[in-house]
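Notes to accompany the following structure.
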Amino acid sequence: LYLDVPLHAGQTFELGAVEEELAVYVVEGTVHLHGQVLAEKNMGVMARGAGVALVAQSAARVVVVGGEPLDGPRFMWWNFVSSRRERVEEAKRQWREQAFPPIAGETEFVPLPEGPG
C-alpha cells in the first residue's frame, strides 16, 4: 500500500486496518496521529493490525505505507539494506573500492560516512 495524502489545516484522514502493518511519513507540515504530534520528516508506525487516524495541524502532505510483514529481519547501514549482515559489509567494501556501476549523470563520488556501522 502506498498513499500520497495532501491535507488542509484541520482536515482529518482515517484509514482502517487495511494492511497488517501501516506507517505514516510526514513529507510536509505537522499532524496529530492518534493524538500524538508528528512533525515534518518523521514517521509514525501503527501497532500491528491498527488503522490510521490523523488530523492536520497545518497544510500537510503525508504518505501512508503498509503491507504484509517482511519474512525476517533486515540490516540497514547508510544506503545499504539486506536480510544478511554479511551482504551489508560486502556492499560497504564494494562502495569504498568504487566497484558499483556508475549512476547515470553522477560525477562525484560520495565516500562512506565515518563512524560505527
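Report, by residue number, each residue of the stretch 20-47 that is not in a strand (DSSP E or B) and not polar (S, T, N, Q).
Start the filter on the stretch 20-47 by keeping residues that are not in a strand (DSSP E or B), which leaves 20, 29-30, 34-35, 39-42, 46-47.
Scanning the stretch 20-47 gives Glu20, Gly29, His34, Gly35, Ala39, Glu40, Lys41, Met46, Ala47.
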Residue within the stretch 56-70 that is at pLDDT below 95 and charged (D, E, K, R) present: yes
Between a first residue in the stretch 96-110 that is without any contact (Cβ under 8 Å) to a residue 12 or more places away in the chain and a second residue that is open to solvent by 100 Å² or more (accessible area, probe 1.4 Å), which pairs have beta carbons less than 8 Å apart while being 6 or more apart in sequence or on different chains? Phe109/Gln98
Among the listed residues Ala17, Ala99, Ala50, Ala91, identify the single one that is open to solvent by less than 70 Å² (accessible area, probe 1.4 Å), outside any loop (DSSP other than H, G, I, E, B) and small (Gly, Ala, Ser). Ala91
Cross-chain or 6+ apart pairs with Cβ under 6 Å, the stretch 44-67 first and hydroxyl-bearing (Ser, Thr, Tyr), then open to solvent by less than 30 Å² (accessible area, probe 1.4 Å): Ser58/Gly29
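The values are calculated or read from the model by the stated rules, or taken from the named source; none is laboratory data. All values reported here derive from a predicted model rather than from experimental measurement. As a convention, Cβ positions derive from the backbone with ideal geometry for all residues, glycine included, and neighbour counts pool all protein chains shown. Calculation scope for accessible area: heavy atoms of the full protein, side chains included, ligands and nucleic acids excluded. Shrake-Rupley method; radii C 1.70, N 1.55, O 1.52, S 1.80 Å.
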